[in-house]
Amino acid sequence: MNLSPVFFNRNAMLVAIDLLGKVITRGMMRLRIIETECYFISDKGSHASLGYTEKRRALFMDGGTIYMYYARGKPSLNFSAHGEGNAVLIKSAIADCTGEPLIMMQKNNPMPDGRMRDVTRLASGQTLVCRSLGIDVKDYDGRQMEETDIRVTDDGYRPESIVQTVRLGIPAGRDEHLPFRFIDEKYLGRCTAKPKKGSYEVCGYNETVSKNKKYL
């Protein structure tokens, strides 16, 4: 089942939690989301906190709008959530297809020396997600999914437990302490970077939602 804009038009943290286990598709290529980060306009780590610009307009559009930008020259994929300036970053994923679609993703995303990237690390990072799917900022930024060939689907999978920790790459003084990163514990070893022992909590879905009521 394809997710509708209604799914995304909710609190950014709930969307980030609920996106774990969902599948991003482009044609026959499939990536299952295992790691997300949420951002609110009031959060100094968010792009929206710096104010509205034409480049950031997707963050101020309806829930489910694609927001893409370049991180160190490489694309990153986000979806806007409820409320102006709130969004979810797709941080990492795992391949959920075999055969030609998988080979296509590997060809889209080779190692720097041209070798095929190991399937287990194919999308272990926000830019690797985009490169594996073959999507770029100029083609997708500011568009609703139904206007594109990207879909996010729900096939019924749910993480048994969720890791919650601080986000990666947030500069000092930019709310780097906020625990706005979520990982499917089953795939903790395949996320962008495994959190250090003692720096994260592991809970079931209901517990994760309950303990974050102040952000919801």
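Some notes on this structure:
- Between 158, 181, 151, 167, the distinction of being touching a strand residue (DSSP E or B) at 6+ places or on another chain (Cβ under 6 Å), at pLDDT 95 or above and surrounded by fewer than 19 Cβ atoms within 10 Å (Cβ to Cβ) belongs to 151 only.
- Of the residues 118, 96, the single one that is in contact (Cβ under 8 Å) with a residue 12 or more places away in the chain and over 23 Å from residue 48 (Cα atoms) is 96.
- Qualifying residue in region 88-99 (condition: under 19 Å from the mean Cα position of the chain (by Cα), part of a helix (DSSP H, G or I) and under 27 Å from residue 188 (Cβ atoms)): no
- Verdict on residue 33 being within 30 Å of residue 172 (Cβ to Cβ) and either touching a strand residue (DSSP E or B) at 6+ places or on another chain (Cβ under 8 Å) or at pLDDT 95 or above (or both): yes
- Within region 55-87, considering residues that are assigned to a loop (DSSP other than H, G, I, E, B) and among the small types (Gly, Ala, Ser), the one surrounded by the fewest Cβ atoms within 10 Å (Cβ to Cβ): 73
- Residues within region 1-18 that are in a loop (DSSP other than H, G, I, E, B) and free of Cβ contacts under 8 Å to residues at least 60 places away in the same chain, tallied: 0
- Considering only residues in region 187-207 that are buried (at least 17 other Cβ atoms within 10 Å of the Cβ) and either farther than 24 Å from residue 43 by Cα or among the β-branched types (Val, Ile, Thr) (or both), the one that is nearest to the chain's Cα centre (by Cα) turns out to be 192.
- Residue in region 91-104 that is closer than 22 Å to residue 172 by Cα and surrounded by 19 or more Cβ atoms within 10 Å (Cβ to Cβ) present: yes
- Subset of region 25-49 [of a type in the set (A, V, I, L, M, F, W, C), surrounded by 19 or more Cβ atoms within 10 Å (Cβ to Cβ) and part of a loop (DSSP other than H, G, I, E, B)]: 40, 41
- Residue 52 meets the conditions (1) among the hydroxyl-bearing types (Ser, Thr, Tyr); (2) under 23 Å from residue 173 (Cβ atoms); (3) in a helix (DSSP H, G or I) in every case but one. The failed one is (3).
The values are calculated or read from the model by the stated rules, or taken from the named source; none is laboratory data. All of these numbers come straight from a predicted model, not from anything done at the bench. Note: ideal-geometry Cβ built from the backbone for every residue, glycine included; neighbour counts use all protein chains shown.
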